[in-house]
Amino acid sequence: MANTLKALETFLEHHRRLSQLISVLNFDLETKAPLKSFEERNKIISFYASERASISENEEFIRLIDALSKEKLNEPLSLFVKDQRNGIEHMAKIGSDRFFHWNVNIGKSTELWMKAKKEYDFSVVKEALRRVIEDKKEEANLLRKPDQKTLYDYFLNEYEKGMNEEKIDAVFGPLKEFLVQNLPTVLKKQENWKIPQILPHPKHEQEHLALDVLDLIGYDMERGALAETEHPFSDYVARDDHRVTTHYREDWRSSLFSVLHEGGHAIQFQAWGHTHYDNYVDGRASAAMCETHSRFFENVIGRSRAFSKALLNLCKTAFNSEFVAMTEDDFYKSINVVKPSLIRTDADEYTYCLHIIIRYELERDLINGKLEVDDLPKAWNQKYHDYLGIAVPADDVGVLQDIHWYEGLIGYFPSYALGNIYGTQILSAIKRDVDFEGALERADLKPILDWLNRNDFAIDYFDPDDWIMKVTGQKMDVSYFKSYLRDKYF
Ligand SMILES: [Zn+2]
């Protein structure tokens, strides 16, 4: 077996170097590259993505993985081999030509999405999105397993192993009802809140705050970087290179919570350290497991009363002015106002999951052929009216606001809501061992980070069901999230 592993290393090294190259190219594309370079740049990225994918078609690579599949392996090696087998089967069915073609279509659609958003006009990107959705249906048709009842089930399982529409519906259905029904109670409770006026602050001040916040939550800047982008993201570029991006709006809260979110992702990346990397399981954590940690830092920590003092102090240093006389209570209120709104990434913690459920229902129907791309803006606007009670005035703040679908990400959106559910379940596990509020009040996150490192990040290469069971001793349970919201907002 040792010889097989040694021989395999050449392929894995090749795969890894290509992934790192793609990450760097993508980071540059999303932060600094000139707009007119996008078309060529997307072709370069597609080129390397195809080369990476073609490794799964290499006969020697397939022979080595087959040989390993027959061995009795320990975890995480067995999980790694299972993933590789999956990748090989997928590529055998897709073929590299088709894979390249799909990527080119995605590049085109991403480019047109930017143009459409600028022009507030969905019709600019409609045809390109239709092609991506058709490609996605083709992918699901090719790769769907017999136990996946719908085309969309295939995508759910890609992001969250073991997940399907039936299971999601059982969680999202009652959650939607809970959120919609109790929204008036929550709004009523906040009716008399006096929120300090939110004044605009220049970019350099917000950047100052962003760096201080990252430092406070334990992000290691010597292995990281902060850059400006339109649509914030974070990336595991390489072993000691875990980057964060944000955008700077007039309203300082937008960047603050983007930074906490992306910083949360990056803290998980940094916690994997060299062990996950050397075992080739860095990046095995599911999308929902990753969103668990980003949403945890953004909301459970970032929007808590206990952490308000620490964040207010950082705002005083970065912004001065109106923050000098602001009380902790005022600050807490200004970051916890519940207000049905248009933009998912700026949504309050309470209504956020409704934004996700809307996207889940729409992408599910698109892929299952129950909704046409032509009708997408109308369906989008209708659901915003029905669930959140608001009218969508234009496409850029409606169906064009998120890049996901235009980038070919179908099945990703539910991860954010699942992340909220996992996160609050993990919170109650942490509280069994750690004085959570005390740590936040002292602005000392070390006990919390230590707990996460030991009980969560160290084992987040397991499949989601196994992982949440190991971290909390229980299956995924939405009731933790509901009680968390009830305690905080009712
Ligand atoms: Zn995220």
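The values are calculated or read from the model by the stated rules, or taken from the named source; none is laboratory data. The shown structure was predicted, so the numbers you read here are calculated from the model rather than taken from an experiment. Virtual Cβ from ideal backbone geometry, glycine too; neighbours counted across all protein chains shown.
Side notes on the structure shown:
- Between 386, 433, 402, 395, the distinction of being buried (at least 22 other Cβ atoms within 10 Å of the Cβ) and of a type in the set (D, E, K, R) belongs to 395 only.
Yes/no matrix, rows are residues, columns are (1) more than 16 Å from the ligand (Cβ to nearest atom); (2) within 22 Å of residue 208 (Cα to Cα); (3) surrounded by 17 or more Cβ atoms within 10 Å (Cβ to Cβ); (4) not β-branched (Val, Ile, Thr):
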| residue | (1), (2), (3), (4) |
| --- | --- |
| 240 | yes, no, no, yes |
| 246 | no, yes, yes, no |
| 250 | yes, yes, no, yes |
| 264 | no, yes, yes, yes |
| 286 | no, no, yes, yes |
| 294 | no, yes, yes, yes |
| 305 | yes, no, no, yes |
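- Residue in segment 90-97 that is more than 23 Å from the chain's Cα centre (by Cα) and over 30 Å from residue 277 (Cβ atoms) present: yes
- Condition met for residue 417 (among the aliphatic types (A, V, I, L, M) and either buried (at least 20 other Cβ atoms within 10 Å of the Cβ) or over 24 Å from residue 215 (Cβ atoms) (or both)): yes
- Condition met for residue 117 (touching an Asp or Glu at 6+ places or on another chain (Cβ under 6 Å) and among the basic types (Lys, Arg)): yes
- Flag if residue 349 is assigned by TED's automatic domain parsing to the domain that holds residue 490 and over 30 Å from residue 150 (Cβ atoms): yes
- Residue count for segment 444-490, restricted to those that are farther than 30 Å from residue 180 by Cα and either of a type in the set (D, E, K, R) or part of a helix (DSSP H, G or I) (or both): 21
Here's the yes/no breakdown for (1) in contact with a Pro (Cβ under 9 Å, 6 or more places away or on another chain); (2) more than 13 Å from the ligand (Cβ to nearest atom); (3) among the β-branched types (Val, Ile, Thr):
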site: 269; (1), (2), (3): no, no, no
site: 282; (1), (2), (3): no, yes, no
site: 300; (1), (2), (3): no, yes, yes
site: 319; (1), (2), (3): no, yes, no
site: 329; (1), (2), (3): no, yes, no
site: 351; (1), (2), (3): yes, yes, yes
site: 357; (1), (2), (3): yes, yes, yes
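- For segment 25-69, the set of residues classified as in a loop (DSSP other than H, G, I, E, B) and either within 21 Å of residue 228 (Cβ to Cβ) or of a type outside the set (S, T, N, Q) (or both) consists of 32, 33, 34, listed by residue number.
- Remark: pairs (first residue in segment 303-323, in the same structural domain as residue 209 (by TED's automatic domain parsing); second residue among the small types (Gly, Ala, Ser); Cβ separation under 6 Å; 6+ apart in sequence or on different chains) = 310/443.
- Taking first residues from segment 258-284 that are not assigned by TED's automatic domain parsing to the domain that holds residue 229 and partners that are within 12 Å of the ligand (Cβ to nearest atom), no Cβ contact under 9 Å between residues at least 6 apart in sequence or on separate chains turns up.
- Of all residues in segment 356-387, those satisfying the criterion of being touching a residue at least 24 places away in the same chain (Cβ under 8 Å) and under 27 Å from residue 250 (Cβ atoms) are 356, 358, 359, 377, 384.
- Just one residue in the set 228, 205 is away from the ligand (no atom under 16 Å from the Cβ), in contact with a strand residue (DSSP E or B) (Cβ under 7 Å, 6 or more places away or on another chain) and touching a residue at least 60 places away in the same chain (Cβ under 8 Å); that residue is 228.
- Filter result for the condition that a residue is out of contact with any Asp or Glu (no Cβ under 8 Å at 6 or more places or on another chain), in a helix (DSSP H, G or I) and of a type in the set (A, V, I, L, M), over 362, 409: 362
- Of the residues making up segment 365-380, those that are assigned to a helix (DSSP H, G or I), in contact with a helix residue (DSSP H, G or I) (Cβ under 8 Å, 6 or more places away or on another chain) and either closer than 21 Å to residue 165 by Cβ or not assigned by TED's automatic domain parsing to the domain that holds residue 179 (or both) number 7.
- Scanning segment 307-317 for residues that are under 18 Å from residue 337 (Cβ atoms) and either hydroxyl-bearing (Ser, Thr, Tyr) or within 14 Å of the ligand (Cβ to nearest atom) (or both) returns a single hit, 308.
- Residue-level analysis places residue 117 among those that are of a type in the set (Lys, Arg), under 24 Å from residue 32 (Cα atoms) and not assigned by TED's automatic domain parsing to the domain that holds residue 408.
- Some residue of segment 413-436 being assigned to a loop (DSSP other than H, G, I, E, B), under 21 Å from the mean Cα position of the chain (by Cα) and modelled with pLDDT of 95 or more: yes
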